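Enquirer: Got a structure for you, questions after.
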Amino acid sequence: MNILSRIAAMSLVCFAGAAALAQQPPAAATNRGDSLVLVKSRQVDKAWLLPGADFRPYRKVLLRKAEVVFQHNWLRDVNSNSISRIGRVTPAEALKIVDDARAGFDQVWAAAFTSAGFEVVAAPGDDVIEVVPRVVDLYVNAPDVSSPSITRSYTVEAGEATLKMDVRDSRLGTLLGRVSDHRPTDSAMRARLATAATNRAEFEHLFATWARIAVQGLQDLKGASPLPDTLQAGHKTPAFR
C-alpha cells in the first residue's frame, strides 16, 4: 500500500470511529437535534444552538477522545516540498504526529474543564453533557522528521487546523450545540527553528485556546438557560462571545 493510500485508510478509520460515537438513539432526540440555529459569535467562526435547550443541569462532562485528521493531501504536499527524499515524512512519522496531537488535545481539554469546576467522567448520566471534538484539516508546516543528514527547517507558524465540536445530552443523545472554528497557530515575529517539541507546544497552545472558549461557552450557556424557544438565526448569544 502506498503512502497516500495508508493515510487515506487512517482517516477513514478515524471517521468511522467518530461516527460510531455519534450514533443517535431515539428518533425524537434526532429530530430535535436537527433543529439547531446558527447564532452570532465573536469567538468562533460559526456556532449553532438548539432553541429551548437548558444547560443548567449539566455539572459533569463526558469528554470524548479527539479525532485528528490531516488536511487532504497534506502528506503529498509536504513531501513535494522536500529537496530530496532525505527528510521526507514517512507514514509512521505521520501517524506519530497525529497521535501526539490527539494526546496533547485530550490532556489540555480535560485539564481546562477540570480547572473550571466540571467533573470529567467516563459514562453518561442525567447531569452529564457529552463533548465530541474533532480536529480536522490539520496542517503542519515543517514536521520534524528523522534523517541521516543534518536538516533544519524554519517557520513563522507551526501550522493550522479546524475545530469541529458537538455537545449533546449524554443520556438522550440530543444535539444541543455545534461549533466550527479554523485557526493558525500563533505567528512569530521572525522565522524560528521548527522541532517536534516546538510544533507540539504551538499546537497545544491552539488547543488550549479552543478549550478556554469551549469551557467559557458552556458556563455562559448555563447562565443563560433555558434558551429562548424562539431563538432566531443571527441571535446574539451570550455564549462564545
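Every number in this text was worked out from the coordinates using simple rules, so none of it is lab data. What you are looking at is a predicted structure, and each value in this text was computed from that prediction instead of being measured. Glycine gets a Cβ as well: all are built from the backbone with ideal geometry, and neighbour counts include every protein chain shown.
Enquirer: Counting other C-beta atoms within 10 Å, which of Arg171, Arg134 has the fewest, and how do the rest follow? Provide the component values of the computation, followed by the final result.
Expert: Numbers: Arg171 16, Arg134 20.
Ranked by crowding around the Cβ, least crowded first: Arg171, Arg134.
Enquirer: Would you mind putting 159-167, 96-104 in packing order, based on average other-beta-carbon counts within 10 Å, highest first? Show your work: numbers first, answer last.
Expert: Numbers: 159-167: 22.0, 96-104: 17.9.
Answer by packing, highest mean first, reads 159-167, 96-104.
Enquirer: Take Asp220, Asp229, Asp181, Asp127 and order them by how many other Cβ atoms sit within 10 Å, fewest up front.
Expert: Details: Asp220 17, Asp229 8, Asp181 20, Asp127 13.
Ascending Cβ contact count within 10 Å gives the list Asp229, Asp127, Asp220, Asp181.
Enquirer: Another question, if that's okay. Using 0.36 nm per residue, how much length does the chain from Ser35 to Ala201 gain when fully extended, once their Cα-Cα distance is taken away?
Expert: That pair, Ser35 and Ala201, stretches by 56.0 nm at full extension.
Enquirer: Net charge near Arg64, counting Lys/Arg +1 and Asp/Glu -1 over other residues with Cβ under 13 Å of its Cβ? Don't skip to the end; give the middle numbers.
Expert: Working: positive: Lys65, Arg102, Arg134, Lys164, Arg168; negative: Glu67, Asp106, Glu130, Asp166.
Net charge around Arg64: +1.
Enquirer: Where Lys and Arg each count +1 and Asp and Glu each count -1, what net charge lies around Arg134 among other residues with Cβ under 13 Å from its Cβ? Display every interim value, and only then the final one.
Expert: Details: positive: Arg64, Lys65, Arg102, Lys164, Arg178; negative: Glu67, Asp106, Asp137, Asp166, Asp181.
Here the count lands on 0.
Enquirer: What does the charge count around Gln107 come to, taking other residues whose C-beta lies under 13 Å from its C-beta (Lys +1, Arg +1, Asp -1, Glu -1)?
Expert: Values: positive: Lys65, Arg102, Arg200; negative: Asp99, Asp100, Asp106, Glu204.
Summing Lys/Arg as +1 and Asp/Glu as -1 gives -1.
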